[in-house]
1. In Å and whole numbers, how far do the C-alpha atoms of segment 700-758 stretch along each principal axis, longest first?
2. For ALA101 paired with THR335, estimate the spin-label separation in nm (one decimal), with each label point 7 Å from Cα along the Cα-to-Cβ line.
3. Give the average over all directions of the projected area of the C-alpha convex hull of segment 419-487, one decimal, in nm².
4. Taking the Cβ of ALA116 as the center, what net charge do the other residues with Cβ under 14 Å away carry, scoring Lys and Arg +1 and Asp and Glu -1?
5. Do any of LYS254/LYS382; LYS179/LYS254; LYS425/LYS609; LYS486/LYS609 go past 30 Å between their Cα atoms, and which?
6. Cβ neighbours within 10 Å, averaged per peptide: list 44-50, 350-356 in order, most packed at the top.
7. When you count, for each residue, the other Cβ atoms within 10 Å and take the mean per peptide, how do 616-622, 472-478 rank with the highest first?
8. Per residue, how big is the convex hull of segment 332-455 when only Cα atoms are used? Give it in Å³.
Amino acid sequence: MTTTALPPAAPTATHSGLTPAAVRRLAIAERVLYGAGGILTAVGPQTDVTGLHVAVLAAGAGTLAVLWRRTRTGGAGLLLACARALPLLGLSGTYAAALIAPGCSWWEIAAPVAVAAAAGLAAPATRAADINRAVANLPAVAEETDAGDYLSGVRALWAAAPATKGTELTALHQSDPDKPAFTAVILAAPGEAVSSRLDARTVAAAFDVPEAAVVLNPIPGSGPGRLALLVDPDRATEHAAREADPVRALWAEKVAGPGGIAPGMNLADYRLEDGRAVFRVESDDDRLISIPRLPLARALGVEDPDLLMIEAGRLSTAVVTIYREHPLIHIREATREDLTMRGDGTVALGLRHDGRPSRMKLYDPELGGLADILVGAPGSGKSVTMLTILAAERISGVVSIVADAQDGMSLPEAKGRTYHFGAGKAALAATLAGADAVARYREDISAANGWGSFTRGEPWSLVNISLDEINQVLAEDAEVTDDFRKWVVAMVARALTTYRKLGMGLRIAGQSIHLADLGDSDKIRAGARRGSVWLGRVDSEQTQRMASSMKVSTVEVTPIPPYFGGGDGAEVEAAWAGEETPTGPVTAGMAWHISGGAIGLMRVWRAVKEQRTYPGLIRLMESAPLPGLTADEDRVFRAAYDHALRYAEDMLEGTGGLDREALNAELETVAAALDAYHGDGTDAGLPVGMPRPLAKAQTLGDRIVDALGTGPMRTRDIRAAVGVGTDGGPSAASVETTISRLSADGRIVKGSTHGTWALPGTEPTPN
């Protein structure tokens, strides 16, 4: 874009045109001259050379006269003139003072030398481009350097414009002589304000430039009689280029504009890559980010809405990605590394659409156990997802307590490869009862020891309870009695609200799960939000609304189709032509993953089925030792499970089983029996066949004391004795901390041999 009225910008001589070597030579010459001037100032007043006296004093007076003229124009010129005049004024002033003073004093020699030295040190700085640039950037006092042809023409155009009458263009400055941009100050008549009619449009007309090239701003510290002006035709060219961008124009018209599908959702940036387009969206300051997915696909002409992905924040930003082909059609199988839990408690459950891992928390190091919900219709990949999670738990040393209400048909691979596997509705209820007994056991021990939170391995392992096909128990049409359903709901509710601090998590999965089935209480809703929701292809609108109510992000949850590809357009075209639409690959494993208020579309790692099982997942499960409960916890779990299983079977069959109150009372009897052991060799109060449990779980300190019962030990030997480095064992740091606490409490003492520990009153022997 060219301008017709602005005169062409002519290059002028500047310091920036000098080479670095030339600049250095000038600085050396300046220092030599200042040194000579210092010698002359020290010697000259002691001579009788009148002509020399007159010349030096005249030079000083001339410099003062130039500065006086500069004070009338002000601006950056005065600042630079003062900086450049200081050396000459200092030397001539010292010369005059020495002439007036009688005799020859020491200061008449020292003062000129000091002034010359200071001037020599400052010589390069007084001519440096940095000072020029810093001063030129002051908008209200920019230096009006020699008003050459260009700036003279600018001033003439301003004076000739009718709309600018009564104002003056001052402080003209052209930062780059090769470009037509300039800054200036519009000055009104004394006592008057710059007219409001003098806007960007009027100024652009005066210089015959595009309106986008003009910027008007008030000057900080000045009144309405001054305005800062910037005229930059290149800025208008860049603005026009952005306006001419077809992508931005389409977005402005179809999306962000007043008639668009999401007014105020502006396109901040975008990039076009091989196979996809990525858009960064920012909302107006007075709006939260909100982009409806299906209307956006329609507005941008995307025939298959499954190819459009949205990642939105909670306030003002989002990333929209459009793919040529769905990025999750092809996905690899999981590796052991994928399923190994990191320090933050997460494993890689699959991939997001942009290739990043989709991470799921097995637990939270700060919060403890979590609650997860997995929902998916038959063929959605829910069972593969559950098996992948169970493999990750075994690899990561997490105890998996599993039950499948569908008689074990959903998760056959889990049988024998997890700590516990219950098959059938009765077994699911009994599994919950057994886990609840372990939770109560941990609760009692924690209360006795004053523990307010869970630390993995001290003394217990992390436990996750997974209940698959729970809709066969909770749904209104489930073939169970009301008492049975209420019993299971009560145990689920307790797990969601109390298990967290005990290092126990709960995961429920089914084809359709409603919060109303779980009691629909605020506590249950909050408990479920602490974990994650995996929402695969579903048939229930209520399930979709449940998942939407748990998220905080503004991303719209849309149904997942059974097959990749096609979209609405392909179906319509096939219907019009009377043809069949070929189906693409199935979307099994695709899901909306909601965690921590964020939501994203992902797909679980691929699993290949052979002879009705998944050998790849089986190999992953069997690649690590099987984690289990402690011996005490195992006794508690088995006893409660066996008792509850009989009652659950009776209740389901309706053959005179105990009612809910009686069943709870019986389970309380079991719990009381566990506390009844007095350590005298008898099993008073224990049901027949129940193994005798210990009355109290050993703490890490107790285990260290027991280990030292065999004699003095070094710290490294103590760590080995209590299981540091083994699955479920304590950390080395916790052992050392406990040793320090035991020593402070007097339960252990330092041995006679350096680096050993022993029990008080024992005679240590060297190792």
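Taken together, the values in this text are just the output of simple stated rules run on the coordinates, not laboratory data. Note that the coordinates shown come from a computational prediction; the quantities given were computed from them, not determined experimentally. Counting neighbours? That spans all protein chains shown, and the Cβs are built from the backbone with ideal geometry, glycine included.
1. 33, 19, 17
2. About 8.3 nm, to one decimal.
3. Mean shadow area of the hull around the Cα atoms is 5.7 nm².
4. -1
5. Check vs 30 Å cut-off fails for LYS254/LYS382; LYS179/LYS254; LYS486/LYS609.
6. Ranked from most to least packed, the peptides come out as 350-356, 44-50.
7. 616-622, 472-478
8. Dividing the Cα hull volume of segment 332-455 by its residue count gives 125 Å³.
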